[in-house]
Amino acid sequence: MILQLIEEELTFEKQQLLRILSYLDDFPDFNLTETKGGFCYRRNGDKRRIYINKSDWHLLWQITSKHYLKQKAKALRTNIPFLEKALASLVSYDDEAIISNLPKTYRKAIDLLRRDSDSSTVAQSENAFRRGDLKLTASNGLKVRSREELAIVELLLAMDINFRYEKALTLHEKVYIPDGTFIIKETTVYPDFTITLADGSLYYIEHCGMLDNGDYRNAFFRKLNLYFDNGIYSPKNLLISMAGPDMPFDVASLRRTLLAQVVPFI
């Protein structure tokens, strides 16, 4: 899991650096000095100082922003090589990575044991949709669809939180008909993770991992609306995590939320 965290942080920091560098040329490269009752600026190579009137505070913001962004870029330039070096030095302990490096005889034995094992020992997804996407295997044998879901599984296991992955849940949905009225029908959804609390109530985790995909995002929010209509919403009994190109998956934040909202009640 640490490899994934470093990879995501590295990607995020590189994106941040590129964004900052694209902004720098938009701001004047002036030096700021403080005077009694205000601020002055001086162009590079020019000894003359110019007072910044209150009506020109946008210029004060631009000069300050330029120096702020330069310092942030400097910090990112320091961090990025460090993260790249750390990523190159670490060895993945993911089950599949370890197995792939075993001698051929051992790999064949593990494959035989997996095919011969009782699949009921770990409750797999009940969702029949795109079963071929269940390609990633967690340390407990659970098959999931994405690296982010894999990270959530490993986090739940590490925190000793019992859960079910994509367990069927029957909800009631309003279906409107042309005359403006509606009927109630039963519909089945598959929450990403279902946790049973000590009092028997259920708590759900939903992860939206493709915020940049319009169809996926719209389907996700339709699901959240359906949850809300059935009394499932955050923070009462639903934890929502999201990720996208500009927002890497934050496992540490998820862990803090679980510690506050789930662990005390299991």
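The values are calculated or read from the model by the stated rules, or taken from the named source; none is laboratory data. What you see is a predicted model, and the numbers here were worked out from it, not measured in a lab. With ideal geometry, Cβ positions are generated from the backbone for all residues, glycine too; neighbour counts draw on all protein chains shown.
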### Query
Quick one: how many residues across the range 19-56 are small (Gly, Ala, Ser) and in a helix (DSSP H, G or I)?
2
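Residue by residue, here is whether (1) at pLDDT below 85; (2) of a type in the set (Phe, Trp, Tyr); (3) surrounded by 13 or more Cβ atoms within 10 Å (Cβ to Cβ) holds:
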{"site": "Ala128", "(1), (2), (3)": "yes, no, no"}
{"site": "Gly132", "(1), (2), (3)": "yes, no, no"}
{"site": "Thr137", "(1), (2), (3)": "no, no, yes"}
{"site": "Asn140", "(1), (2), (3)": "no, no, no"}
{"site": "Glu148", "(1), (2), (3)": "no, no, yes"}
### Query
Has the range 48-65 got any residue that is at pLDDT 85 or above and within 25 Å of Pro245 (Cα to Cα)?
yes
#### Entry: Any hit, the range 61-77, residues being touching a strand residue (DSSP E or B) at 6+ places or on another chain (Cβ under 7 Å) and of a type in the set (Phe, Trp, Tyr)
no
### Query
Which residues, taken from the range 169-211, are among the small types (Gly, Ala, Ser), more than 19 Å from the chain's Cα centre (by Cα) and closer than 24 Å to Val153 by Cβ?
Ala198, Gly200, Ser201
### Task
Write out, first by first residue and then by second, each pair whose Cβ atoms fall under 8 Å of each other, whose residues are 6+ apart or on separate chains, and whose first residue, in the range 254-266, is in contact (Cβ under 8 Å) with a residue 12 or more places away in the chain and closer than 18 Å to Gly200 by Cα while the second is among the β-branched types (Val, Ile, Thr) and crowded, with 16+ Cβ neighbours inside 10 Å.
Leu258/Ile161; Val262/Ile161; Val262/Ile195; Val263/Ile161; Ile266/Ile161; Ile266/Ile195
### Message
Return the pair list, or none, for Cβ contacts closer than 9 Å from residues in the range 162-180 that are farther than 25 Å from Phe129 by Cα to residues that are surrounded by 11 or more Cβ atoms within 10 Å (Cβ to Cβ), at least 6 apart or on different chains.
### Response
Tyr176/Phe182
### Query
In the set Gly132, Gly141, Gly200, Gly231, which member is part of a helix (DSSP H, G or I) and either β-branched (Val, Ile, Thr) or free of Cβ contacts under 8 Å to residues at least 60 places away in the same chain (or both)?
Gly132
### Message
Under 8 Å between Cβ atoms, which residue pairs at least 6 apart in sequence (or on different chains) link something in the range 15-29 that is among the acidic types (Asp, Glu) with a partner that is in a loop (DSSP other than H, G, I, E, B)?
### Response
Asp29/Asn44
### Query
Across the range 202-257, what is the total count of residues that are among the hydrophobic types (A, V, I, L, M, F, W, C), in contact with a helix residue (DSSP H, G or I) (Cβ under 9 Å, 6 or more places away or on another chain) and surrounded by 14 or more Cβ atoms within 10 Å (Cβ to Cβ)?
13
### Query
Could you say which residue among Arg147, Arg164 is outside the structural domain of Ile6 (by TED's automatic domain parsing), within 25 Å of Ser92 (Cα to Cα) and among the basic types (Lys, Arg)?
Arg147
### Query
touching a Pro at 6+ places or on another chain (Cβ under 7 Å) and not assigned by TED's automatic domain parsing to the domain that holds Ser146 - does that describe any residue in the range 86-94?
no
### Task
For Asp56, state whether it is surrounded by 13 or more Cβ atoms within 10 Å (Cβ to Cβ), farther than 30 Å from Leu136 by Cα and of a type in the set (Asp, Glu).
yes
### From Val91, Val122, residue being modelled with pLDDT under 80 and surrounded by 12 or more Cβ atoms within 10 Å (Cβ to Cβ)
Val122
### Query
Which residues, counting only those in the range 193-216, are more than 17 Å from Leu171 (Cβ to Cβ) and of a type in the set (Phe, Trp, Tyr)?
Tyr216
